[in-house]
Structures are given as C-alpha cells and as structure tokens.
Amino acid sequence: MMDNGKKIKMLSREQCADYDEDMIFADDYDSALIGVALIGSCARAVYSIEKMVRILIDEDGLEYEEAVEYLEFNTFEANVGERTPIYIKTEI
C-alpha cells in the first residue's frame, strides 16, 4: 500500500493484540490483516476483503466467485460479539 509515495507498514497479529489482548482474529488470514479499529472500549482486527479472496485463490485454488461466496457464508456473516473482526473493501 502506498500513501503519498511512502510505504505503509502492516501490523502483525501480535502488534494488533497489543491494543486489546482479547482481540479476535480470522484464522489463516494474517497476510490480509491491515490494522486495528478502536471502537469504544475494545479494538477490532481489520482485514482486506480483496486480500482474503486472493489468499483463497492462491492457496486453495478457488475461482474468484467461489472465494467470495465462501467468505460471505463462512466468515463475513459470523458474529462473535463486540470484538468481531471488520472486513473492508480495499485495492490490492
């Protein structure tokens, strides 16, 4: 990712957990983790939808539509409380 010609460093799972030790992460998508959203008294992991789709295409051999459908059904609809991760549309 670029911002005014400068490279933005992504946060690791460990760095994100420094904000809230009870943060919930999406398993197998660490390379799609792009940051933390601070909401009220808790922090939520933030993931790039496009990077998650790319992981399923590259690592699991899914087609684009299959990857999107899989994530919509198995990940995006999951609600695990106030610390449920946030999934946002980005450009990759």
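Taking Cα centre as origin and charging only the Cβ of basic (Lys, Arg, +1) and acidic (Asp, Glu, -1) residues, the dipole magnitude of the chain rounds to 600 debye. The fraction of accessible area contributed by carbon and sulfur in the chain is 47 percent, rounded to a whole number (1.4 Å probe; ligands and nucleic acids excluded).
Estimated at 0.36 nm per residue, the fully extended path between Asn79 and Asp58 surpasses their Cα-Cα distance by 4.9 nm.
How high is the relative contact order of the chain? Use alpha-carbon pairs under 8 Å, at least six apart in sequence, and give a whole percent. Relative contact order, the chain: 29 percent. Looking at the chain, the accessible area is 69 square angstrom per residue; that uses a 1.4 Å probe and ignores ligands, DNA and RNA. Computed 3J(HN,Hα) for segment 47-61, one whole-Hz value per residue from the Karplus formula 6.51 cos²θ - 1.76 cosθ + 1.60 where θ = phi - 60°, is 10, 7, 4, 4, 5, 5, 4, 4, 4, 5, 5, 6, 9, 10, x, glycine and proline marked x.
The values are calculated or read from the model by the stated rules, or taken from the named source; none is laboratory data. Predicted model, so just to flag it, every value in this text is computed and none were measured. When we count neighbours, we look across all protein chains shown, and the Cβ atoms used for this are built from the backbone with ideal geometry, even at glycine. Ligands, DNA and RNA are excluded from the accessible area calculation, which covers all protein heavy atoms including side chains. Shrake-Rupley method; radii C 1.70, N 1.55, O 1.52, S 1.80 Å.
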